[in-house]
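Asker: First the structure, then my questions, so here it is.
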């Protein structure tokens, strides 16, 4: 019977021999992580000391490769270890943004916030102590379906994505022959056609927003009596989204140097968005959500008028002046290294999307409580698809795939080819 092969990172029997000078030599063949066996030896005054010194060398050699050896994941490894390995891989993946990493980590680890619901299902507390061989398809499917049964289908999908990555680590390290998540139950969902806003209803919403801005009572919101004045930015951001199809975060992150209002037609180069990072708060990300998201869109007249009004208003302040002086070639350093935001919050800082949405909900009242900023994006996509095609709509919205726009943003029914002549010929009655 052939001798079993030595595993990577391990070694066989230790040999010892007394040397001519009276010292003892201990040696062993260590199978390195490239598959090559190499002799490791050590000397000592006695046989036991030489062996002890050799074991120290072997331990150090194994630790040297601890971060990249396949041998550290076995069928008995607990899933909590795989979770750490996978999160480390995700953090080094340039294709995964910080927001996505925070989202994954937030579903793996329980929150330290005392206000967090202790009953919230997180992966590490729920199944982290399972060993690789215990985490079979049935056990993982049981976890996913328990979340579905609790009415949290989106959370179940996210857990399935994370578990696919975690168990993929076990496959890559040779602990499993295939990923057990692959054969878990499919999470089917009914395809819901995107809901947009009809043009006459949009006109009614705009009229209500003007009433709200004037301080008048609207359905669901009392008249203004005290406190900070109502903010016109609510209307202006809506006009920018309706005139460009940008995401709400891209609108709130817009700076004056992204616009060319003197071009024919005027353009908006979408190249930034607002994100919220753990430990950092709000952050203006100087790149779009995706490669397709970095785009230049032409602007309609109503959006150009709104932007010129903001640019030329006295309240625009010194930050707008920076942009204006740059346009005529004056060498001006950006004031305090601040970005000249189009819709700044107090102190010329980023406007918090959460606060903006809170104000928006107040302004739309109960009559239009189903309308969000993304409703405007869907209205843009639907209008462009009706007047042009879905490919043009996808480019306008910054989607990498036309199917995304068709599935989630275009509310028009799919147009079937004209087969009326064939139907008339085949089924029509003569005479």
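The values are calculated or read from the model by the stated rules, or taken from the named source; none is laboratory data. In this text, all values refer to a predicted model and were calculated from it rather than measured experimentally. Don't worry about glycine lacking a Cβ; one is built from the backbone with ideal geometry, like all the others, and counts go over all protein chains shown.
Asker: Please work out which one of (1) modelled with pLDDT of 75 or more; (2) in contact with a helix residue (DSSP H, G or I) (Cβ under 9 Å, 6 or more places away or on another chain) is the condition residue 316 fails and give its number.
Answerer: Here residue 316 meets the rest and fails (1).
Asker: Listed residues 282, 202; which is on the phi < 0 side of the Ramachandran plot, part of a helix (DSSP H, G or I) and either surrounded by 16 or more Cβ atoms within 10 Å (Cβ to Cβ) or in contact (Cβ under 8 Å) with a residue 60 or more places away in the chain (or both)?
Answerer: It is 202.
Asker: Can you name every residue in region 174-183 that is outside any helix (DSSP H, G or I), surrounded by fewer than 19 Cβ atoms within 10 Å (Cβ to Cβ) and at pLDDT 90 or above?
Answerer: 177, 178
Conditions (1) part of a helix (DSSP H, G or I); (2) under 25 Å from residue 189 (Cβ atoms); (3) out of contact with any helix residue (DSSP H, G or I) (no Cβ under 8 Å at 6 or more places or on another chain), marked per residue:
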site: 103; (1), (2), (3): yes, yes, no
site: 110; (1), (2), (3): no, no, no
site: 118; (1), (2), (3): no, no, yes
site: 129; (1), (2), (3): no, no, no
site: 133; (1), (2), (3): yes, no, yes
site: 140; (1), (2), (3): yes, yes, no
site: 148; (1), (2), (3): yes, yes, no
site: 155; (1), (2), (3): yes, yes, no
site: 160; (1), (2), (3): yes, yes, no
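Asker: Among the residues of region 255-275, which ones are farther than 25 Å from residue 401 by Cβ and either touching a strand residue (DSSP E or B) at 6+ places or on another chain (Cβ under 6 Å) or assigned to a loop (DSSP other than H, G, I, E, B) (or both)?
Answerer: Filtering region 255-275 down to residues farther than 25 Å from residue 401 by Cβ leaves 255-257, 259-266.
255, 259, 260, 261, 262, 263, 264, 265, 266, listed by residue number.
Residues are listed down the side, and each one gets a yes or a no for (1) more than 18 Å from the chain's Cα centre (by Cα); (2) crowded, with 16+ Cβ neighbours inside 10 Å; (3) on the phi > 0 side of the Ramachandran plot; (4) not assigned by TED's automatic domain parsing to the domain that holds residue 283:
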residue: 96; (1), (2), (3), (4): no, no, no, yes
residue: 114; (1), (2), (3), (4): yes, no, no, yes
residue: 117; (1), (2), (3), (4): yes, no, no, yes
residue: 135; (1), (2), (3), (4): yes, yes, no, yes
residue: 155; (1), (2), (3), (4): no, yes, no, yes
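Asker: Which ones in region 8-32 are in a loop (DSSP other than H, G, I, E, B) and out of contact with any helix residue (DSSP H, G or I) (no Cβ under 7 Å at 6 or more places or on another chain)?
Answerer: Across region 8-32, the qualifying residues are 10, 12, 13, 19, 20, 21, 22, 23, 32.
Asker: In region 33-51, what count of residues is obtained for those that are surrounded by 14 or more Cβ atoms within 10 Å (Cβ to Cβ) and not in a strand (DSSP E or B)?
Answerer: Within region 33-51, residues that are surrounded by 14 or more Cβ atoms within 10 Å (Cβ to Cβ) and not in a strand (DSSP E or B) number 5.
Asker: Let me ask you something else. So in region 213-237, with the set limited to residues that are over 16 Å from residue 372 (Cβ atoms), in contact with a helix residue (DSSP H, G or I) (Cβ under 6 Å, 6 or more places away or on another chain) and not in a loop (DSSP other than H, G, I, E, B), which one is modelled with the highest pLDDT?
Answerer: Restricting to residues being over 16 Å from residue 372 (Cβ atoms), in contact with a helix residue (DSSP H, G or I) (Cβ under 6 Å, 6 or more places away or on another chain) and not in a loop (DSSP other than H, G, I, E, B), the top hit is 236.
Asker: Right, residue 88: assigned to a helix (DSSP H, G or I), within 30 Å of residue 291 (Cα to Cα) and either in contact with a strand residue (DSSP E or B) (Cβ under 7 Å, 6 or more places away or on another chain) or without any contact (Cβ under 8 Å) to a residue 60 or more places away in the chain (or both) or not?
Answerer: Working: assigned to a helix (DSSP H, G or I): yes; within 30 Å of residue 291 (Cα to Cα): yes; either in contact with a strand residue (DSSP E or B) (Cβ under 7 Å, 6 or more places away or on another chain) or without any contact (Cβ under 8 Å) to a residue 60 or more places away in the chain (or both): yes.
The answer is yes for residue 88.
Asker: Ok, one more. Spot the failing condition for residue 223; the list is (1) under 23 Å from residue 406 (Cα atoms); (2) without any contact (Cβ under 8 Å) to a residue 24 or more places away in the chain, and only one is missed.
Answerer: So residue 223 meets the others, but not (1).
Asker: Determine, yes or no, whether residue 188 is assigned to a loop (DSSP other than H, G, I, E, B) and under 30 Å from residue 121 (Cα atoms).
Answerer: yes
Asker: Another question about this same structure. Quick test of your reading of the structure: residue 240 fulfils all but one of (1) within 30 Å of residue 287 (Cα to Cα); (2) part of a loop (DSSP other than H, G, I, E, B); (3) touching a residue at least 60 places away in the same chain (Cβ under 8 Å); (4) assigned by TED's automatic domain parsing to the domain that holds residue 284. Name the failing condition by number.
Answerer: The failed condition is (2).
Asker: A follow-up question, please. Could you give every pair whose Cβ atoms fall below 6 Å, whose first residue belongs to region 57-81 and is part of a helix (DSSP H, G or I), and whose second residue is surrounded by 15 or more Cβ atoms within 10 Å (Cβ to Cβ) and modelled with pLDDT under 85, counting only separations of at least 6 or pairs across chains?
Answerer: Listed pairs, sorted by first residue: 62/9; 71/8; 71/9.
Asker: Among the helices (runs of 4 or more DSSP H) contained in region 378-429, which hold 2 or more residues that are more than 27 Å from the chain's Cα centre (by Cα), at pLDDT below 80 and surrounded by fewer than 15 Cβ atoms within 10 Å (Cβ to Cβ)?
Answerer: 420-427
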